[in-house]
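Engineer: Pasting in a structure now, in structure tokens, and then I'll have a few things to ask.
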Amino acid sequence: MPYCIVCGNQESLASSKFPPCADTANAPPYGLLGNFNEEGCLMTMECQGASLDDAQEAYERPEEYFDTCPLCGSRDIRW
């Protein structure tokens, strides 16, 4: 199960590979966010800057894409 080593978050992880879709004050800070279930399976994704092709690739290989904790900003993710 993926989780953040710093804060223990295991519900959602972000990808640093995709910038947010807009540079505004209200824009989400990440272009792709993955939501995981209790078993660590990727359940849903929020695409705010990634293309559908990029999102599909991230879905197929989440450990290569979801590398940032959206809660604390750490990149210390354990898979």
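The values are calculated or read from the model by the stated rules, or taken from the named source; none is laboratory data. The structure displayed is predicted, hence computed values, not measured ones. In this analysis, Cβ positions are derived from the backbone assuming ideal geometry, glycine residues included, and neighbour counts consider all displayed protein chains.
Each row is one residue, and each column tells you yes or no for (1) of a type outside the set (Ser, Thr, Tyr); (2) within 10 Å of the chain's Cα centre (by Cα); (3) closer than 11 Å to residue 3 by Cα; (4) at pLDDT 95 or above.
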site	(1), (2), (3), (4)
29	yes, no, no, no
36	yes, yes, yes, yes
48	yes, no, no, no
58	yes, yes, no, yes
62	yes, yes, no, yes
75	yes, no, yes, yes
79	yes, no, yes, no
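Engineer: Now for a different question. Quick check, is residue 29 surrounded by 15 or more Cβ atoms within 10 Å (Cβ to Cβ) and in a loop (DSSP other than H, G, I, E, B)?
Structural biologist: Considered against the rule, which asks whether it is surrounded by 15 or more Cβ atoms within 10 Å (Cβ to Cβ) and in a loop (DSSP other than H, G, I, E, B), residue 29 comes out as no.
Engineer: Looking at the stretch 30-41, I want the residues that are farther than 11 Å from residue 17 by Cα and free of Cβ contacts under 8 Å to residues at least 60 places away in the same chain and have a partner that is among the polar types (S, T, N, Q) and in a loop (DSSP other than H, G, I, E, B) with Cβ atoms under 7 Å, at least 6 apart or on another chain. Which pairs are those?
Structural biologist: Listed by first residue and then by second, the contacts come to 36/10.
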